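Readers should treat all values here as calculations from the given coordinates under stated rules, not as data from a laboratory. Everything numeric here is computed off the predicted structure, so don't read it as measured data. Here Cβ is always computed from backbone atoms with ideal geometry, including for glycine, and neighbour counts include all displayed protein chains.
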């Protein structure tokens, strides 16, 4: 197996990209965007699970570059809504993926639901494909609850997803988010794995 010093992230979301850059750089792994590698694909995320969609994205990019790739898919699962919006979180209010409309729909469906019943969690699947085409999936979760209104400015559902300390993801700050978020937890697991592989290869 080849030494892994760089990864391509299968996303066009600049916020996700920066999170991954911060985490993987601590393990000496450089992160590239699709655009930086001249990759222009837009696969149809038609999976019914986070794992499937993460794999669809990662595999589409790997087919273009045959290098180490990470694809991710994230969902917000709200208990009072039987797990909605789940795997359809990005397009909850329609196919255009409008963050504001998604939040508006979520808050409307939770109208009248008391605080103790607004429990929710973010879950993410990361699909890592190495240069030889081998795959592995890692997962991350973060428990919390849905606020009654927006708190702060963030991307996706961050302004309404609160940790149990009452602060939303949009309010907690980058340093804490890089430790507590679902995506950070999964990325740290993968980074530790890649770092250990690099140590083994040097022996």
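The table below gives the values:
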quantity	calculated
Stretch gain in nm, segment residue 153-residue 141, where the contour uses 0.36 nm per residue and the Cα spacing is subtracted	2.2 nm
FRET efficiency estimate (nearest 0.05) - Cβ-Cβ, residue 12 to residue 52, R0 22 angstrom	0.70
Listed peptides 164-171, 62-69 by packing density, highest first (mean Cβ within 10 Å)	62-69, 164-171
Gaussian network model of the chain, Cα within-10 Å springs - most flexible of 117, 45, 108	108
Residues of region 141-159 with amide N under 12 Å of the 7 Å Cα→Cβ point at residue 109	none
Helix-derived mean residue ellipticity, 222 nm - over the chain, DSSP H n ≥ 4, -39500 (n - 2.57), to 500	-10500 deg cm²/dmol
